Amino acid sequence: MGKILVIRGGAIGDFILTLPAVSLLRRDLPGACIEMLGYRPIVDLADVAGFADSVRSMEHGSLAGFFAPDTDLDNQWCDYFSGFDLVVSYLHDNNGYFRGNLERAGVKALLEGISRVDPSTGEHAACQLARVLENIALFLDDPAPVITLPSTGEAIIENGVAIHPGSGGVAKNWRLEDWIRIGEAIARHENGSQILLVTGEAEEEKHAELSAAWCSSGVSFQHAHSWPLPRLGDALSKCRLFLGHDSGISHLAAALGIPCLLLFGPTDPAVWAPANTGVEVLRSETGKMGDITYRDVISRVSAFLKCL
């Protein structure tokens, strides 16, 4: 098979959970040229990490016609799509417009993967996303992605503890005041180290409060706010421990091989937690993040620091 296009939208976690399927294509079809179409800057991670031979952004107005019925299709996009021997799409296409327009563009072989994982099955998300490849006799045997990134050469803390206090949903987040206490405890620990505070646009208020609290209590930390994924990945890869929730950044950290302690509440870790070794999940028995106690978390953090 000569050229394969994998189309994947979604957030960081959705993208990383799809990488085992991409790795399966790479491993079992070694002669194929793989390209990925998705949202920048997320899709750039596949390029830098070597999952794809090339990537392209799908954020172009000229692509809009492919998602509507009976429209004129952009000729350049038609030429682009028809140049692949196989297209694997994870885009939501309930009405079939995208599929029909790809066929009009000249796509001969199309596999449609799921756009949303079904948590009710209890099956790991990466396995669900790779299921579509069984149509070409490719079967996933390991749902854990492995990401290796080149060094950016930037000055980044070594052997630190990364803390990501946010996620894509408020109900999945632990109390901010306890994250502040955790950081202070790490700074005082006999095997403590600097902290890498990871935040994005969703944590604007959190990073301001955390920064102020830690600065006033003398906690040493570096702030990675809205860093590009390759830069953030390089920084995370140099950490000794990652603390976070059910989030895309947690999947990135786990795929980089960092020991992770992840706090889960309403979501099922059997489906959503990274499948990588070195990941420990602390889940609320009630499904409410507020029922995870500071004592539960600090005891596990202390155990991690003593053995690392």
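The values are calculated or read from the model by the stated rules, or taken from the named source; none is laboratory data. Given the structure is predicted, the values throughout are model-derived calculations rather than measurements. Here Cβ is always computed from backbone atoms with ideal geometry, including for glycine, and neighbour counts include all displayed protein chains.
Of all residues in the range 248-303, those being touching a residue at least 40 places away in the same chain (Cβ under 8 Å) and either assigned by TED's automatic domain parsing to the domain that holds Leu19 or β-branched (Val, Ile, Thr) (or both) number 9.
Looking at the structure I just gave you, is Ile147 under 18 Å from the mean Cα position of the chain (by Cα) and among the β-branched types (Val, Ile, Thr)?
Values: under 18 Å from the mean Cα position of the chain (by Cα): yes; among the β-branched types (Val, Ile, Thr): yes.
When the stated conditions are applied, Ile147 passes them.
Of the candidates Leu197, Leu262, Leu236, the single residue that is crowded, with 21+ Cβ neighbours inside 10 Å, part of a helix (DSSP H, G or I) and not aromatic (Phe, Trp, Tyr) is Leu236. Here is a check on your reading of the model: is Gly122 of a type outside the set (A, V, I, L, M), surrounded by fewer than 12 Cβ atoms within 10 Å (Cβ to Cβ) and at pLDDT 95 or above? It is true that Gly122 is of a type outside the set (A, V, I, L, M), surrounded by fewer than 12 Cβ atoms within 10 Å (Cβ to Cβ) and at pLDDT 95 or above. If you take the residues in the range 85-106 that are surrounded by 14 or more Cβ atoms within 10 Å (Cβ to Cβ) and polar (S, T, N, Q), which one is farthest from Glu134 (Cα to Cα)? Selected residue: Asn101. The helices (runs of 4 or more DSSP H) found wholly in the range 1-120 and carrying at least 1 residues that are of a type in the set (Ser, Thr, Tyr) occupy 12-28, 75-82, 97-105.
Among residues of the range 20-40 being within 9 Å of Ala130 (Cα to Cα), surrounded by 22 or more Cβ atoms within 10 Å (Cβ to Cβ) and not β-branched (Val, Ile, Thr), the one that is farthest from the chain's Cα centre (by Cα) is Ala21.
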